[in-house]
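Trainee: Sharing a structure here in structure tokens format.
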Amino acid sequence: MQKISVSVKKLTIFSVSLYCMILIGGCGVSREPMSRSGFYFDTFIQVTVYDSRKADCLDGCMELADKYEQMLSATVEGSDIWNINHSGGKAVVVSDETLELLKTALYYCELTEGRIDFTVESVSKLWDFHGESSEGMAANRVPDLESIDGALRHVDYHNLVIENNTVTLKDPDACISLGFIAKGFIADRIKEYLLSQDVKSAIINLGGNLLAVGSKPDGTPFNFGIQRPFDENGSIIDSLAVSDASLVSSGVYERYFYQDDTLYHHILNPATGYPVVNNLLGVTIMSDSSMVGDALSTSCFVLGLKEGMELIENLEGVEAVFITNDYELHYSSGL
């Protein structure tokens, strides 16, 4: 008999891939933090501004979250991504922002030589890491080989063609998802909005994608904690001081299940249709841009420790922490 168990990370302010330890402190700091939360992009989000006089900005942040969900979600009917996936191979006019994000996503597909491929969604739909049945498959079970092989025939990011402001997915049975980069892109847009409203100190938390606007009100850095993989109590394995920068993690412990004592996680290998197998538990990226951090956290995970670290060391303004399956931490040279 097959042994099956499942764990799904509940993305709340108390349980996210990255934990934010905020110690406001400091004499004379009278501006009270104000927060607004919601559920977008299939995850819990929260924005906190450290100035009660700027509380009205929080409504604008949630409006932006809704705007981009309606634009970029593969599951929202009428979104740019939904329209591409349901175009039957015809050209689709998309917004300028969607166009730029798709171009950036293509860059990371090329950078990783296809080990990141946003058309892997054709296979991802066969898997279920949420405890619910998907595409006719039993919940939390490994899809059958025939189904995976069939879906793999539609995995090839080269099928996405951009011409002017139109996008064509040449394979009508293919589909895309920007899950590996979209939250970071949205976090950056929210930060831009807060800066335009003269917000000096804030934290944007999109399901564990953390982005600091400035520093704490007393001028010291925020302390962001990296969760210890698989720890049910949410303990941290390390923390980093962050000012005006982003911290994003990807790991096997975010969404996974066990079948026959084998761990199956949500980061899939586009070549096989099965989860990436290497000795990594997680990768955390520190960068100025949350979009860059989002894309690189997944890219470095699929590349593995050696290639991933080589990539980071050749990039300016980006640092990384890799967690191997022995729970050892491997830091880039700038940390």
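Trainee: Would you look at the GNM of the chain, springs on alpha carbons closer than 10 Å, and say which of 307, 316, 63 moves the most?
Mentor: 316
Trainee: Report the relative contact order of segment 175-283, percent, no decimals, based on alpha-carbon pairs under 8 angstrom and at least 6 residues apart. Intermediate values should be presented prior to the final figure.
Mentor: Details: 151 pairs, mean separation 18.9, N = 109.
Relative contact order here is 17 percent.
Trainee: Mind ranking 77-85, 208-216 by how tightly packed they are, going by the mean number of other C-beta atoms within 10 angstrom, highest first?
Mentor: Numbers: 77-85: 18.8, 208-216: 23.6.
Going from most to least packed, we get 208-216, 77-85.
Trainee: When the solvent-accessible surface of protein heavy atoms is calculated with a 1.4 angstrom probe, in what order do 168, 75 fall, highest first?
Mentor: Working: 168 30, 75 120 Å².
Reading off the accessible areas and sorting them downward yields 75, 168.
Trainee: With axes computed from alpha carbons, what is the tilt in degrees of helix 96-111 against the longest principal axis of the chain, rounded to the nearest 10 within 0 to 90?
Mentor: 70
Trainee: How much of the accessible area of the chain, in percent, comes from carbon and sulfur atoms when a 1.4 Å probe is used?
Mentor: 48
Trainee: So what is the 222 nm mean residue ellipticity for the chain from helices alone, if each DSSP H run of at least 4 adds -39500 (n - 2.57) and you divide by all residues, rounding to the nearest 500 deg cm²/dmol? Spell out each step's value before the answer.
Mentor: Numbers: 7 runs with 89 residues, N = 335.
Taken over the chain, the calculation gives -8500 deg cm²/dmol.
Trainee: Between 204, 323, 236, find the one with the highest GNM mean-square fluctuation for the chain; connect C-alpha pairs within less than 10 Å.
Mentor: Highest fluctuation among the options: 236.
Trainee: Could the peptides 103-115, 283-295 be put in order, highest first, of the mean number of other beta-carbon atoms found within 10 Å of their residues?
Mentor: Working: 103-115: 16.9, 283-295: 25.5.
Result, highest mean first: 283-295, 103-115.
Trainee: Could you tell me the center-to-center distance, by alpha carbons, between segment 255-287 and segment 191-234 in angstrom?
Mentor: 26
Trainee: Moving on to the next point. Where does helix 57-72 land angle-wise versus the long Cα axis of the chain, in degrees 0 to 90, nearest 10?
Mentor: Compared with the principal axis, the helix lies near 10 degrees.
Trainee: With the cut-off at 25 Å, tell me which of the pairs 125/183; 103/200; 183/216; 90/125 have Cα atoms farther apart than that. Walk me through the numbers before you get to the answer.
Mentor: Working: 125/183 19 Å; 103/200 31 Å; 183/216 23 Å; 90/125 22 Å.
Beyond 25 Å: 103/200.
Trainee: With every protein chain in place, what's the accessible area of residue 86 (1.4 Å probe, Å², nearest 10)?
Mentor: 110
Trainee: So, one more: Please state the shape class of segment 40-119: rounded when a/c is under 1.5, otherwise prolate if a/b exceeds b/c and oblate if not, all from the C-alpha gyration tensor. Before the final figure, lay out the partial values.
Mentor: Values: a/c = 2.65, a/b = 1.77, b/c = 1.50.
Prolate is the answer for segment 40-119, as a/c is 1.5 or above and a/b outweighs b/c.
The values are calculated or read from the model by the stated rules, or taken from the named source; none is laboratory data. Keep in mind that what you see is a predicted model, and the values were worked out from it rather than measured. We place every Cβ from the backbone using ideal geometry, glycine too, and count neighbours over all the protein chains shown. Remember, those area values only see protein heavy atoms, side chains included, never the ligands or the DNA or RNA. Shrake-Rupley method; radii C 1.70, N 1.55, O 1.52, S 1.80 Å.
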